[in-house]
Every structure is written in C-alpha cells, then in structure tokens.
Amino acid sequence: MIPYGKQFIDSDDIQDVVLALNGEMLTTGPLVERFESELSEKVGAPTVVVSSGTAALHSAYAAIGLKQGDEIITPPITFVATQATAILLGAKIVFVDVQPDTGNLDPELVRSAITPKTRAIVAVDYAGHPADLRELRLIADQYNIYLIEDAAHSIGSTYYGQPVGSIADLTTFSFFPTKNLTTGEGGAVSSTIPKLLERAKKFSRQGLVREPSKFKLENDGPWHQEVHEFGLNYRLPDILCALGISQVKKLDRFKERRREVFDYYSHELAELDWLNLPIERDYVSSNWHLFPIRVPAKERKTIFNLLRAANIGVQVNYIPAYRHPAFSDYKIDPIQFPKSEQFYESEISIPMHAGLKDSELEHVIKSIKSSL
Ligand SMILES: *Cc1c(COP(=O)(O)O)cnc(C)c1O
C-alpha cells in the first residue's frame, strides 16, 4: 500500500535518537531547549515543544484563559482536536463554513459569527495552505479577540513571505508521523507575544513555578516550587527532541519534494474535467501536507475503493467536525454548512509525502485516470 502520508526517517535520525538514549536525561534534558531554538528559527517566533498537536491546542487555549461561557470560531473541515481541547476547557464552538477552493475558514462569514462571548478565531491551514490570515487578523483586531492558527499541516509554509508560526497570536504544530516533520508523537506552540507563550509553557509543565522572584509563598529552600494555576504534563522527552532536531534540518528538503509531487500531480491531472485540484494562492508557498482532490460526490466511494484496490492508501480529510456524535447536543443542521458538506462529500486525499518515488506517483496517476 502506498500510504496517503508517511514519515521520512533516515540513518541520521536513528543515530541521533540512539545518542539521546545513551545520554544522562531521557526526558527534560538539553535537547528540549535545542529543539525549541531550532524550531523558533524555522517558524520565525519563540516556540515551546509539547507532547502532541492536541496538547499544543489545549495549551494555547489555556494561554488565552479560555473558560466556561467563552466562544471560539472554527471551521468544520479539520481534525476534531481543534474543537475538543476548547470544549474541555468549557468553551462553546461556533462553526463557520469554509472556502470551496482551499477548504479554509471563509473570512467573509466570520464577522457575522462574532458575539460578545467570542474570544478567538481559530483558523486551520488545511492541507498545508495557510488560511486568509490578513483578513482574519483585521477582524480579530477590530473585535479585540485572539487569532489562533492550527498549523498541524503547515510547518514550513509561508504567507506573504512570512513563515507560518510568526503570524497569528498563537500557532500550534503537530509532529505526528504523517505531518510535515515527525517526532513520533509531538507538537509545539509558537507566539510572538511572550506572556502568552509563557502561559502555554507553564500549562504544559504542570503549572510549576520555579523562579524565586515569582513565588507567592515563603521560599523555604532549594526544593521549593509552587503551582499558581493548574496544568498538565505535556512535556516532550529528550529522546523525541533528538529526532525532532534531526528532522528540522531536513524540513526544506521535505518541502521541496512535497512541492515536486504537487506540481507533478497538478500537471498530470489537469486534463480531467471531472476532478477539482487543490490550488495555491499567489502569496502562499505551501509545504503540502495533503493532496486533496475533489471528485463528483456520488462517485467518491467508488473511486476511493478502486484506488484502495490498486494499493493506494487514500484517505478522506475530514468528516465535518460537527457530525461527530459528541456534538449531538449542538443540534447542528448540516444545511448551514453547504461548502463543508460539499467539500467532505467529494474529497479524497491521495498520497503526499517526502518519500514518494516517481514510480509510485506514476501508478497513482494511472489509477486515477482509469477510475472514472
Ligand atoms: C494532526 C492534527 C491535530 C492533532 O495533532 P496530534 O499531534 O495528532 O495530537 C490537530 N489539528 C489538525 C488539523 C491535525 O491535522
């Protein structure tokens, strides 16, 4: 099976992990800060690492103090972690429909979804293509709310020349194996606002305060530490940071290959009028995480099954989040989100990763061409 997404691990990665295993510290050691500083350089803003993309979202929401009664605006076309972590803090999700070409949050529809309870607009860079961050920023500033970017798909992408991570108030990344770089499980939060990043970091490290200048209790001795606000253990161990450091070095090469695959597919599939291809806006350079084609909705299952039968590990990204039974008390009528429904019903993610061989790409193209 040619998977739709896959990690790229080489002997340098393996060697660095083995070195870390032989080191003094398995968990919080010197490699955590090194990975954070490599990432900060790459994404153009200070960054803290955490144990997953889900942990990154949870920590980002905790950083803005998201709580019971607050609302956040999110698109339905995403992995449900974008919403789940906010709901677990007591917030309510306000869904806003997507653009049919990118699958990203439609800024035109965001304004009318804002209420006095809205605390943040949470954009998702679907497939690696940054959302319309300028338009969303204008709205966020006008209403004095936060702009958060779920960049689980888009580390390495740029928007008007700026790297993803340096644009929103808080940006979250995932290092799950199918994503653009991997630590097995892992994630990160970036922010240009030091106070927010500090709060996200503290939340992900049990809420522990260790700097004596910040103590509220009497400092009784070197063992003293305090918790001012509760947090969780979302630390990323040194062993995985070793892999991350080695992977970041290859991010530009990964992006180059992903973009080659994108260009090849786009060129080869352009002649098929029954199929919609992903697009890239002029001011974007996407580190493609997915290659989402859109086919006629009534043929989707047939084409999907034919491709699976041809040993192509296609996937569908995503079931609109509000369809999950966990949202049943929201009583959402899908008719309110025609673009998301249409996108979901016609979407197939074909293989997109840095390790794809030319012969595999040819097989994918041949199989798609003969599938309808
Ligand atoms: C993968 C993903 C997440 C969650 O990341 P994990 O590392 O799997 O916890 C969140 N949002 C989106 C859009 C994702 O694709």
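The values are calculated or read from the model by the stated rules, or taken from the named source; none is laboratory data. Owing to the predicted nature of the structure, the values given are computational and were not obtained by experimental measurement. Cβ: placed from backbone, ideal geometry, glycine included. Neighbour counts: every protein chain shown.
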Condition check for residue 57: closer than 14 Å to residue 186 by Cβ and either in a loop (DSSP other than H, G, I, E, B) or within 17 Å of the chain's Cα centre (by Cα) (or both): yes
Hey, residue 211 among the acidic types (Asp, Glu) and modelled with pLDDT of 95 or more or not: no
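Select from segment 183-214 the residues that are among the hydroxyl-bearing types (Ser, Thr, Tyr), in a helix (DSSP H, G or I) and either touching a helix residue (DSSP H, G or I) at 6+ places or on another chain (Cβ under 6 Å) or within 16 Å of the ligand (Cβ to nearest atom) (or both) and list them in ascending order.
To start, the set of residues in segment 183-214 that are among the hydroxyl-bearing types (Ser, Thr, Tyr) comprises 183, 190-192, 204, 213.
Those left that are additionally in a helix (DSSP H, G or I): 204, 213.
Answer for segment 183-214, where residues must be among the hydroxyl-bearing types (Ser, Thr, Tyr), in a helix (DSSP H, G or I) and either touching a helix residue (DSSP H, G or I) at 6+ places or on another chain (Cβ under 6 Å) or within 16 Å of the ligand (Cβ to nearest atom) (or both): just 204.
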Residues that are over 17 Å from residue 82 (Cα atoms) and not in a strand (DSSP E or B), drawn from segment 141-163: 141, 142, 143, 144, 145, 156, 157, 160, 161
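I'd like the residue in segment 88-98 that is touching a residue at least 40 places away in the same chain (Cβ under 8 Å) and within 16 Å of the ligand (Cβ to nearest atom) and, out of all such residues, is nearest to residue 65 (Cα to Cα). Talk me through it step by step, then tell me what you get.
To start, the set of residues in segment 88-98 that are touching a residue at least 40 places away in the same chain (Cβ under 8 Å) comprises 93, 95, 97-98.
Those still in the list that are within 16 Å of the ligand (Cβ to nearest atom) too: 93, 95, 98.
Details: 93: 15, 95: 20, 98: 27 Å.
By that ranking, first place goes to 93.
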Count of segment 164-182 residues which are more than 10 Å from the ligand (Cβ to nearest atom), out of contact with any strand residue (DSSP E or B) (no Cβ under 6 Å at 6 or more places or on another chain) and over 17 Å from residue 135 (Cβ atoms): 3
Residues of segment 1-27 classified as buried (at least 17 other Cβ atoms within 10 Å of the Cβ) and not hydrophobic (A, V, I, L, M, F, W, C), total: 7
Residue under evaluation residue 126, criteria (1) at positive phi; (2) near the ligand (Cβ under 10 Å from one of its atoms), criterion not met: (1)
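Starting from residues that are assigned to a helix (DSSP H, G or I) and buried (at least 18 other Cβ atoms within 10 Å of the Cβ), keep the ones in segment 301-316 and report whichever is nearest to the ligand (Cβ to nearest atom). Give the derivation first.
In the first step, residues of segment 301-316 are kept if they are assigned to a helix (DSSP H, G or I); the result is 301-309.
With buried (at least 18 other Cβ atoms within 10 Å of the Cβ) added as a condition, the list becomes 303-304, 307.
Numbers: 303: 23, 304: 20, 307: 21 Å.
Restricting to residues being assigned to a helix (DSSP H, G or I) and buried (at least 18 other Cβ atoms within 10 Å of the Cβ), the top hit is 304.
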Residue that is surrounded by the fewest Cβ atoms within 10 Å (Cβ to Cβ), among those in segment 167-182 that are aromatic (Phe, Trp, Tyr) and in a loop (DSSP other than H, G, I, E, B): 176
Segment 131-158, subset closer than 21 Å to residue 59 by Cα and in contact (Cβ under 8 Å) with a residue 60 or more places away in the chain, residue farthest from the ligand (Cβ to nearest atom): 146
Pick from segment 19-54, criterion among the hydroxyl-bearing types (Ser, Thr, Tyr) and farther than 25 Å from residue 107 by Cα, ranking: nearest to the chain's Cα centre (by Cα): 52
Considering residues of segment 19-64 that are within 21 Å of residue 158 (Cα to Cα) and of a type in the set (Ser, Thr, Tyr) only, the residue nearest to the ligand (Cβ to nearest atom): 47
Conditions (1) of a type outside the set (Asp, Glu); (2) away from the ligand (no atom under 16 Å from the Cβ); (3) surrounded by 19 or more Cβ atoms within 10 Å (Cβ to Cβ): number failed by residue 161: (3)
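Any residue at all in segment 317-327 that's buried (at least 17 other Cβ atoms within 10 Å of the Cβ) and of a type in the set (Lys, Arg)?
Filtering segment 317-327 down to residues buried (at least 17 other Cβ atoms within 10 Å of the Cβ) leaves 317-318, 320-323, 327.
So of that shortlist, the ones also of a type in the set (Lys, Arg) come out as 323.
Yes, because at least one residue in segment 317-327 is buried (at least 17 other Cβ atoms within 10 Å of the Cβ) and of a type in the set (Lys, Arg).
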Members of segment 100-123 found to be in contact with a helix residue (DSSP H, G or I) (Cβ under 8 Å, 6 or more places away or on another chain), in a loop (DSSP other than H, G, I, E, B) and either within 16 Å of the ligand (Cβ to nearest atom) or hydroxyl-bearing (Ser, Thr, Tyr) (or both), listed by number: 102, 103, 104
Residue that is under 28 Å from residue 23 (Cβ atoms), buried (at least 19 other Cβ atoms within 10 Å of the Cβ) and modelled with pLDDT of 95 or more, where the choices are 146, 234: 234
